[in-house]
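Novice: Have a look at the structure that comes next, please.
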Amino acid sequence: MYLEQPPKLVPSRVFSAMPDEFRRRGVRSAWADANKGGAPVDCFIEGPAFDRDGNLYIVDIPFGRIFRISPDGTWSLVAEYDGWPNGLKIAGDGHILVADYMNGLMEVDPQSGAVRPLLRHRNSESFKGCNDLHIASNGDIYFTDQGQTGLHDPTGRLYCLRPDGRLDCLIASGPSPNGLVLDREEAVLFVAMTRDNSIWRVPLTKDGGVAKVGRFSSFFGTSGPDGLTFDPKRHHLFVAHASLGHVFVMQANGECVARIKSCAGPTCTNVALNLAADMLVVTESSTGSVLIADIGTI
C-alpha cells in the first residue's frame with residue numbers, strides 16, 4: 001500500500017512496574033516450563049483494564065494473580081488462585097471477567113477477591129487454552145481459545161457467549177487467535193492471529209454468525225500481534241506486537257499511521273485506552289512494566 005508519509009513515532013514512558021515485593025524471583029512455574037523453555041520468570045503481566053474509578057487491573061499469568069494499580073501507581077493484590085489468567089475485562093456491574101488458559105472463563109469479585117468459574121468447557125469438552133475476551137454493549141462475550149495452535153495446527157477457536165447462556169463457535173480454523181476487539185459500530189470484530197503474524201477482520205452477520213473473514217493487516221517478527229484495543233473517536237485500531245517492541249496504530253483501511261515504541265523491553269503484550277486522558281496503557285511483559293503513551297496527536 002502506498003503511504004503518503006511514514007508512520008508517526010510516538011514515545012512511551014514507564015507509569016509503574018511490578019514492585020519487588022510481588023516478584024517471584026527464581027521460582028519455577030509450569031507456565032514458564034511450557035511457554036518460556038523452562039526459564040524462570042518473576043512475573044508475566046497482561047490484560048490491562050480500567051474500572052470506573054481509574055484503577056488499572058492486570059493479570060500475572062504464571063502465578064495466577066490479579067492486581068489493582070491505583071492512579072498514583074500503587075499496586076495491591078486482588079486475587080491469587082490456581083489458574084493462568086490471561087485476558088481481563090471489567091463488566092458493566094463492576095465484576096472482573098477473566099479468560100484463563102487453564103480454567104476457561106472466570107469471574108472475579110474485585111472487593112473480596114473471590115474467583116468462580118463462569119464457563120469451563122463446551123459440551124463437556126475442555127477448551128484448548130482461553131486467551132483474551134471482549135464484552136459487547138449487549139452483553140455478548142467474545143473470547144479466543146488459542147492453546148498451542150499455529151500455522152502447523154490452525155484449529156484455534158473464536159467463541160461468543162450470549163447473555164442467555166448460548167455458546168457459539170464463530171471460527172474454528174484460527175492459527176493462534178489472541179487479542180480481539182469490536183469496532184465502534186460493533187459490526188466487525190478484529191482478531192489477532194499471533195502465529196500468522198496478522199490481524200483478521202471478522203464481519204458479524206445479523207443472525208449472530210460471521211461472513212467474509214479476511215486478513216486486515218500483516219506483520220513480521222518471531223512472535224506476532226497480541227492484545228488489541230479500538231479508539232472510537234479516531235477509528236484507530238491499536239495492535240500490541242509481542243516481539244517488535246511496538247504498538248502499531250492502524251486506520252480503518254489497514255494503513256499504519258503511527259507506532260508507539262516501548263521504552264522498556266520488546267514484549268508488548270496488551271493495551272488499554274483511557275480516552276478521557278487521551279492515553280494508551282501498554283503491558284510490557286519481559287520487564288513487568290506498565291507503559292503509557294499520549295495519543296492525542298495521532
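Novice: Taking amide H positions as placed 1.01 Å from N in the peptide plane, with prolines and chain starts having none, which residues 5 or more places from K8, or on another chain, fall under 5 Å of its amide H?
Specialist: A258, R259
Novice: Let me ask another. Taking the Cα centre of segment 134-232 as origin, sum charge times position over the Cβ atoms of Lys and Arg (+1) and Asp and Glu (-1), and report the length of that vector in debye to the nearest 20.
Specialist: The dipole magnitude comes to about 200 debye.
Novice: Can you tell me the dipole magnitude for segment 200-298 around its Cα centre, using point charges on the Cβ only (Lys, Arg +1; Asp, Glu -1), in Debye to the nearest 20?
Specialist: Value, rounded to 20: 300 debye.
Novice: I've got another one for you. If you average the sequence gap of Cα pairs under 8 Å that are 6 or more apart and divide by the length of segment 236-298, what percent do you get for the contact order?
Specialist: Worked out over segment 236-298, it gives 25 percent.
Novice: Within segment 174-228, which trypsin sites (Lys or Arg not before Pro) sit in a loop by DSSP and count at most 15 neighbouring Cβ atoms inside 10 Å?
Specialist: R184, K206, K212
Novice: Report the Cα centroid-to-centroid distance between segment 233-276 and segment 35-84 in angstrom, as an integer.
Specialist: If we compute the Cα centre of each part, the gap is 20 Å.
Novice: Could you grab the relative contact order for segment 141-220? Cα pairs under 8 Å, six or more apart, rounded to a whole percent.
Specialist: Result for segment 141-220 is 21 percent.
Novice: Now for a separate question. Convert each backbone phi in segment 172-187 into a coupling constant with the Karplus relation 6.51 cos²θ - 1.76 cosθ + 1.60 (shift: θ = phi - 60°), then list the ³J(HN,Hα) values in order as whole Hz, x for Gly and Pro.
Specialist: Once θ is set to phi - 60°, the couplings for segment 172-187 become 10, 10, x, x, 6, x, 10, x, 7, 7, 8, 6, 4, 7, 6, 9 Hz.
Novice: Mind listing P(r) for segment 121-266? All alpha-carbon pairs, 10 Å bins, whole percents.
Specialist: The percentages, shortest bin first, are 12, 43, 34, 10, 1.
Novice: On average, how much area does the Cα convex hull of segment 184-298 cover when viewed from any direction, in nm²?
Specialist: Computing the convex hull of the Cα atoms and averaging its projections yields 7.2 nm².
Novice: Along the charge dipole of the chain, Cβ charges K/R +1 and D/E -1, which of T194, H134, L119 sits furthest on the positive end?
Specialist: Ranked along the dipole, the leading option is T194.
Novice: Roughly how many debye, to the nearest 20, is the charge dipole of the chain about its Cα centre, given +1 on each Lys and Arg Cβ, -1 on each Asp and Glu Cβ, and no other charges?
Specialist: 500 debye
Novice: In Å, the Kirkwood hydrodynamic radius of the chain over pairs of distinct alpha carbons?
Specialist: 19.0 Å
Novice: Under a crude label model (7 Å from the Cα following the beta-carbon direction), how far is R166 from S126 in nanometres?
Specialist: Taking the two extended label points, one gets 2.9 nm.
Novice: Would you kindly derive the ³J(HN,Hα) couplings of segment 163-168 from the backbone phi angles with the Karplus curve 6.51 cos²θ - 1.76 cosθ + 1.60 (θ = phi - 60°), listing them in order in whole Hz, with x for Gly and Pro?
Specialist: Taking θ as phi minus 60°, the curve returns x, 7, x, 6, 10, 10 Hz for segment 163-168.
Novice: What Kirkwood Rh does segment 1-155 have if only Cα atoms enter the pairwise 1/r average? Answer in Å.
Specialist: 17.0 Å
Novice: Report relative contact order for the chain in percent, whole number only (criteria: Cα-Cα under 8 Å, sequence separation at least 6).
Specialist: Contact order relative to length: 15 percent.
Coordinate-derived values only; no laboratory data. Bear in mind the structure is a predicted one, so any value in this text is a computation, not a measurement. Using ideal geometry, Cβ is built from the backbone for each residue, glycine included, and neighbour counts are taken over all protein chains shown.
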